[in-house]
Every structure is written in C-alpha cells, then in structure tokens.
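Engineer: Attaching a single structure in structure tokens format; questions to follow.
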Amino acid sequence: MLQLLSMVFVALSLLATPSTVSAQDAHIIKARDSIAQLGDKAQNIVQSKEELGYEASKVKFREMVAKNFDVNTIARFTLGRYWRAATAEEQKEFTGLVQDAILDKYADRILEYNGERFTTTDARAVNDKDAIVNMTVKPEGNPETIFAWRVRNFNGEYRVIDLSIEGISMSVTHRNDFSSIIQRNGGQIEPLLALLRSKKE
Amino acid sequence: MISAQRFCMILALVSFLGFSFGLQQTATAQSYDQDGQVTTSEDPFEDFNRVVFEFNRGIDYILLKPVSQTYKYLLPEVVRLSIRNVLGYLGTPVTFAHELLQGDLDDATVVLKRFAINSTVGFFGFADAATDLGLPAPSLEDFGQTLARWGAEPGPYLVLPFAGPSNFRDAFGMAVDMFADPVNAWARHEDEDGVLIGRIALSTVDQRAQLLGTLDRIYEDSLDPYITIKSFYEQRRQSSIDDIVDTSHKNVTAVQDYDSYAALEN
C-alpha cells in the first residue's frame, strides 16, 4: 500500500514539476535578459561618450535609467514607514526628487567610469515577481566588482528596484539616510525634501 | 616612538571591556518597529561616535587623503599592486586560522594553496601568481566574523579614532587579530616597532588610495554621511560574515533582506 502511495506521489510530482519549473525558468530568463540588455545599452553609451559629447551621453544615460528603474517602488521603499504619513503632494514631490537627486546621480556616476566592462552572469528568482541578476563590472585599473540587480516584473515588463554593490543595498542605505534626517527633524518630511531639492542640479 | 606593544595591549583591554559590555547590551542593540521588524541597529553612543567620525574626517582631510593622493601619484600601478599583494600575503595566516575556526575547509584549502604558490612562484607574495593561475583569493576572514559565526551579536556601533567604523564585537576581534598575527608577534619579539607601524600605515594608505574618488562621492551625495557610512559598514560586514560571493567570483548568493524591509509598508 505504502509502495503504491509513494509511486502515485512520484508520478504526481513528475507531472507537477515541468510546468512550475518552466514558469520559474521563464521568469529568471526574462529578468536576466532585461539586465543584459541594460548592460549592453550602458556599455554602448559609455563607449560612444567621446563622439556623442559628454552632455548628450549624460542625457541619454539618464533617460535609460529613468525608463528601466521603477522610481515609484524605489521612492516608496526608501521613505519606509514615513511614506504613509506623507500627504499625496509630498509623496509626489519626493518621488520626483528621488528621480532627479538620486537616480540621475547614479547615471552620472556610472558614466564617469572609463573602459567599463559589464558582463551579466547568473540570475535567480526571489519570488514569482522579483529576481536577482548578477553582473560583473570591471573598471580600468580597478578590481572587478559584482553588481546584484533586483528586478521586478511589472505586467511583463522588468524594471530595476534595487542595486547591491559588494553586498551593500543602495535602497537600504538611502532608507537609513532618509529616516535619519526625518528623525532628527522631529518626524517632519519637509526638511528631507528641502535637502533633496538642494542636491538636485 | 610609542610602544606598539603597549598600544596593542591597551586596545585589547579597552576592546575586551567593551566586548563584555557589548554582550550585555545585545538585547537592546537593535530597534524594532511596531511590526516587530528589525529596522537599523541602535546607536547608544551616537553623540560620541559622531565626534570621533568628525575627528577622523579631519585627520583624513589634513593627513590621510593627501598622503594617499601622493602615494598614488608617485608610485606606478605595478608597484602599488605589489605592495597590496604583499600586505594580503602577510594576512594569510590570520585568514587561514579563521577559515578553520569557521569550519570552512574549502576556503581554507584555497588559502593554503594560494600561500604555497605565492610564496614560490609569486616570490614571497610580491606577485599574486595564484590568481593568475585561476585561484583567486576567497574573501578575507577575521576574528569579528568568526565570533559572528559562533553566534556573538555585534553590540553597539562604534567609531574608533583612526580605525573608523566598527562595533564592540569587531573592535575586540581586531585587537585579538593584531595580537595573534605571527608577523606582528615576531616584530614585537624583535622590538621592531617600525614593522608593526609601517604595516598598519601602508595598508591604511593603500586602502584609502583605492577609495579616493569613491569616498568623495559618498560625502557629496549623502544627506547624512555618518549614517551612510554606518549603513555601509553594517551591510558590508554582514555580507563578509555570510561569505556572499560564490566560488566563481562572478555572483553573490545573498543580498540584503529587502523583503523584510518592504513588508513594513504593507
């Protein structure tokens, strides 16, 4: 009897696995592709920096980041528990400032590097929406660094919601930074907005 | 000239007192919000830490940064790389011991093979021949990481004068490692203070030179550099403790627990 049960169980699990595995695989492949494409685009812009001119490549790079990063998710995450305390207007301004004072800066920083090589390595699923995609970045004259991108599936479109460099999450760091400013100002959000306004160009 | 031995003993004593204090503090070392989620570690010595942080920034501004700039400007990359290789080579016994104490026999084997190759083909550590032969260094280990693996809590965050970000566990670990290091032990025995101080100075300058642009950008971009550096330190340490880089050296196996943070808002 037990033997029969275990056989049925094995048969069922064999039947069940292919479909779940392929859904998971498709998720991982799409996530990885989104970052591989982003890496290629970034590399093209970095390499054509001289012929395009610095300002034009900066605009292009910032556009690429704006399109491929999900600023709403990033803004909500980095404001943490203060998000719900904020008014709709404050939320809107904060999201805009995350775009202008944080994401644009990232774009500029990556563009500053020279001879950068972006190589997408392995990806793995975190859950059915999120995945971590690894990328090695080799700046000239510096050791290779591993970037771990957290991407999320937004109705079939994958966008970046976090970047970890050497195990340091940018979103977590900003979240700590922002909550420190809010706490030091008696729980007010306005001083944080003022500081961010001063940081954008 | 200060006696390096005395300096180490004082550091060890202070760290040890701090460590036992740190252990008593662990119950309150992390703050929780209403959902019972860990937010950031608590910082009971924040006022003191901020003073030391500014002191270190001052020292950096007037001394360490200019020296590191000169170092990078004067020495060709190949020389700086050789110095970095030798410093890494000298750290091998400590890393090897901690791989064993953490039960990581795979990495211990890699460290031993690297030591054999770099002692011979690498000409006493000047060249990292092992990496060229496809045997890159596993991440560095220290007593702070071993203690963490054994279950010790970090204790409160601590900014040490000159040495920078730390916590009670890691400061204690650092003092023990400095004391136990065979090269340091030899130097103490032979009264070669120059070796002890030179090694610390050189590795400080080497590390600072690698961060020349990076640190400026962090100070420039961050709203509260003290908090940013604290956050970097704590995240980086956790990644080192967890040995997040896989054996191919191309992927990380873990990232910050984003979901436990994200869950707070929903």
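The values are calculated or read from the model by the stated rules, or taken from the named source; none is laboratory data. What you see is a predicted model, and the numbers here were worked out from it, not measured in a lab. A quick note on method: Cβ atoms are made from the backbone with ideal geometry, for glycine too, and the neighbour counts reach across all protein chains shown. Just so you know, the surface numbers come from the protein's heavy atoms only, side chains and all, with ligands and any DNA or RNA stripped out. Shrake-Rupley method; radii C 1.70, N 1.55, O 1.52, S 1.80 Å.
Engineer: Note down the net charge around B:Gln256, summing +1 for each Lys or Arg and -1 for each Asp or Glu among other residues with Cβ under 14 Å from its Cβ. Numbers along the way, then the final one.
Structural biologist: Values: positive: A:Arg150, A:Arg175, B:Arg236, B:Arg237; negative: A:Asp130, A:Asp162, A:Glu166, B:Glu234, B:Asp242, B:Asp257, B:Asp259.
Charge balance near B:Gln256 sits at -3.
Engineer: Let me ask you something else. Compare the Cα positions of A:Thr136, A:Gly96, A:Val126 along the charge dipole of the range A:82-151 (+1 at Cβ of Lys, Arg; -1 at Cβ of Asp, Glu; about the Cα centre) and return the one farthest towards the positive end.
Structural biologist: The listed residue farthest towards the positive side: A:Val126.
Engineer: Looking only at other chains, what is the average number of their beta-carbon atoms within 10 angstrom of each beta-carbon in B:224-231?
Structural biologist: Values: counts 8, 1, 2, 9, 5, 1, 4, 9.
Average per residue, whole number: 5.
Engineer: Still on this model: Under 10 Å, Cα contacts only: if you run a Gaussian network model on chain A, which one of A:Thr121, A:Thr87, A:Thr78 comes out with the highest mean-square fluctuation?
Structural biologist: A:Thr87
Engineer: Can you compute the charge dipole magnitude of chain A about its Cα centre, using +1 on each Lys and Arg Cβ and -1 on each Asp and Glu Cβ, nothing else charged? Give it in debye, rounded to the nearest 20.
Structural biologist: Using Cβ point charges on Lys, Arg, Asp and Glu, chain A gives about 460 debye.
Engineer: What is the helix-to-structure angle for A:170-184, meaning the angle in degrees between its Cα long axis and the longest Cα principal axis of chain A, kept from 0 to 90 and rounded to the nearest 10?
Structural biologist: In chain A, helix A:170-184 runs at an angle near 50 degrees to the longest axis.
Engineer: I'd like the GluC sites (Glu not before Pro) in the range A:79-163 restricted to DSSP loop residues with at most 14 other Cβ atoms within 10 Å, sorted by number.
Structural biologist: Filter output for the range A:79-163: A:Glu140, A:Glu144.
Engineer: Just to make sure I understand: if all protein chains stay in place, what is the order of B:Phe53, B:Phe162 by accessible area at 1.4 Å, largest first?
Structural biologist: Heavy-atom accessible area, descending, gives B:Phe162, B:Phe53.
Engineer: I've got another one for you. Just how large is the dipole of the range B:118-261 about the Cα centre, in debye to the nearest 20, putting +1 at every Lys and Arg Cβ and -1 at every Asp and Glu Cβ?
Structural biologist: In total the dipole reaches around 60 debye.
Engineer: Another one. In the P(r) worked out for the range A:44-190, what percent of Cα pairs fall beyond 19 Å?
Structural biologist: The calculated P(r) of the range A:44-190 puts 59 percent of pairs beyond 19 Å.
Engineer: Which trypsin sites (Lys or Arg not before Pro) in the range A:54-144 pass both tests, a DSSP loop state and at most 15 other beta-carbon atoms within 10 Å?
Structural biologist: For trypsin sites (Lys or Arg not before Pro) across the range A:54-144 that sit outside H, G, I, E and B with at most 15 neighbouring Cβ atoms in 10 Å, the list reads A:Lys129.
Engineer: Can you pull the mean other chain C-beta count within 10 Å for peptide A:144-151? Write down the numbers at each step before the final one.
Structural biologist: Values: counts 3, 0, 7, 1, 7, 1, 3, 0.
Averaged over the peptide's residues, the number is 3.
Engineer: Summing +1 for each Lys or Arg and -1 for each Asp or Glu, what net charge is found among the other residues whose Cβ lies under 14 Å from the Cβ of B:Leu63?
Structural biologist: +2
Engineer: Using the Kirkwood radius over C-alpha pairs as Rh, can you work out the diffusion coefficient of the range B:149-229 via Stokes-Einstein at 20 °C, viscosity 1.002 mPa s, in µm² per second?
Structural biologist: 142
Engineer: Can you tell me the 0 to 90 degree angle between the C-alpha axis of helix A:54-68 and the longest principal axis of chain A, rounded to 10?
Structural biologist: It works out to around 40 degrees.
Engineer: Here is a further query. Mind checking the mean number of beta-carbon atoms from other chains within 10 Å of the Cβ atoms in A:69-78? Mind showing how you got there, number by number?
Structural biologist: On the way: counts 0, 0, 0, 0, 1, 0, 0, 2, 5, 1.
The shielding value for this peptide is 1.
Engineer: Still on this structure, I have one more. Put +1 on the Cβ of every Lys and Arg and -1 on every Asp and Glu Cβ in the range B:197-266; which of B:Gly213, B:Ile197, B:Ile227 then has its Cα farthest towards the positive end of the dipole?
Structural biologist: B:Ile197
Engineer: State log₁₀ I(q)/I(0) for the range A:161-201 at q = 0.16, 0.35 Å⁻¹ as given by the Debye formula over alpha-carbon point scatterers of equal weight, solvent excluded.
Structural biologist: Debye intensities relative to I(0), on a log10 scale: -0.49, -1.05.
Engineer: Still on this structure: Less than 11 Å Cβ to Cβ from B:Asp128, Lys/Arg counted +1 and Asp/Glu -1: what total charge do the surrounding residues give?
Structural biologist: Here the count lands on +1.
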